[in-house]
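S.K.: Dropping a structure here in structure tokens format, bear with me for questions.
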Ligand SMILES: Cc1cc2nc3c(=O)[nH]c(=O)nc-3n(C[C@H](O)[C@H](O)[C@H](O)COP(=O)(O)O)c2cc1C
């Protein structure tokens, strides 16, 4: 029997379903999958652009990079190596990547644990415990970013940490004063029964002063119980060498790899993107933390969670019928 060159529709459905557990800015899920006979294609869905915080579509492309890396892991866990062709195609800038497949003879157990992490990962906006995160835990995360041609710099010294916190605060203060920012945030945050946006139950019931976080309380009432403790999170800056579509896609792939590897190690994580949204904050991080080079794409908070089980369900996703087309033609 000739070996198959494309996963079955059942495998396709389950792998793309898992891929779509990827994080995205404001849970906008700005991706679209198109199925061809021997390949799968990833497109940007521009209708989901956040025009105020993301006018260039940078975070939209980062989100698509995250779904692409999730897809590689999801297919590998189902026994298929996904060969990714990234497509910087000026004629079709929204066509970000295509995937072709090779059937694997066995599944790497490490990939299986990453796939399990993808199924359970969530953005944790609570403060984290003060227990230190050991170098042996952090070093592999830096390596995962490097493999995607990105850098992950941990702001471990007081001065660097303070600079990152100040940059987030500065960006937040600038954004807060813009009615159009508040309006856009309100349209996406604090939802109750929606397959998109950030639900109220994922947002802290109380805004903890001084926490380096996006202030969703500005527009939405959170429902997530938060312990009152000093945040012990490590702050890491994810950066790229350039600032093009390719760099953004790579940043998203690195973000996914870092978050899943951290989740596998039972760390809690939270991406924070405001430092990339306000030019002066971005320059501050580049100059004070990255030694003046590179393009900060986002900050990742990570640390030990206050409870081993996160209270409440996973953040919802749009049904596959809205993001895959044609929906499983081989059916
Ligand atoms: C590009 C990008 C930017 C994000 N920025 C923030 C942010 O500034 N603050 C925050 O709390 N979460 C941020 N997130 C996390 C998303 O809100 C989260 O992934 C989404 O709501 C889905 O929830 P989940 O990660 O729990 O599945 C960001 C995620 C991505 C991919």
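The values are calculated or read from the model by the stated rules, or taken from the named source; none is laboratory data. Treat the numbers as computed from the prediction; the structure is a model and nothing was measured. Note that each Cβ is placed from the backbone with ideal geometry, even for glycine, and that neighbours are counted across all protein chains shown.
S.K.: Residues of segment 91-116 being touching a helix residue (DSSP H, G or I) at 6+ places or on another chain (Cβ under 7 Å) and in a helix (DSSP H, G or I), which ones?
M.R.: Scanning segment 91-116 gives 111, 112, 113, 114, 115.
S.K.: Right, residue 88: surrounded by 14 or more Cβ atoms within 10 Å (Cβ to Cβ), assigned by TED's automatic domain parsing to the domain that holds residue 57, assigned to a loop (DSSP other than H, G, I, E, B) and over 20 Å from the mean Cα position of the chain (by Cα) or not?
M.R.: No: the conditions fail for residue 88.
S.K.: Right, something else. How many of the residues in segment 311-322 are away from the ligand (no atom under 13 Å from the Cβ) and in contact with a helix residue (DSSP H, G or I) (Cβ under 8 Å, 6 or more places away or on another chain)?
M.R.: 1
S.K.: If you don't mind, there's one more thing I want to ask. Please enumerate the residues belonging to segment 271-309 that are within 16 Å of the ligand (Cβ to nearest atom), touching a strand residue (DSSP E or B) at 6+ places or on another chain (Cβ under 6 Å) and either at pLDDT below 95 or assigned to a loop (DSSP other than H, G, I, E, B) (or both).
M.R.: 273, 305, listed by residue number.
S.K.: Here's another thing I want to ask about it. Of the numbered conditions (1) buried (at least 24 other Cβ atoms within 10 Å of the Cβ); (2) closer than 27 Å to residue 115 by Cβ; (3) in contact with a helix residue (DSSP H, G or I) (Cβ under 9 Å, 6 or more places away or on another chain), residue 281 fails exactly one; give the number of that condition.
M.R.: Single failed check for residue 281: (2).
S.K.: Look at residue 114 and say whether it is more than 16 Å from the ligand (Cβ to nearest atom), on the phi < 0 side of the Ramachandran plot and modelled with pLDDT of 95 or more.
M.R.: No: the conditions fail for residue 114.
S.K.: Here's a follow-up. Of everything in segment 9-22, what is over 23 Å from the mean Cα position of the chain (by Cα) and touching a residue at least 60 places away in the same chain (Cβ under 8 Å)? Give them in sequence order.
M.R.: Across segment 9-22, the qualifying residues are 9, 11.
S.K.: Check off (1) within 11 Å of the ligand (Cβ to nearest atom); (2) in contact (Cβ under 8 Å) with a residue 60 or more places away in the chain for residue 191 and give me the number that stays unchecked.
M.R.: (2)
S.K.: Ok, one more. Looking at the structure I just gave you, is residue 258 more than 11 Å from the ligand (Cβ to nearest atom) and crowded, with 23+ Cβ neighbours inside 10 Å?
M.R.: So residue 258 fits the description; yes.
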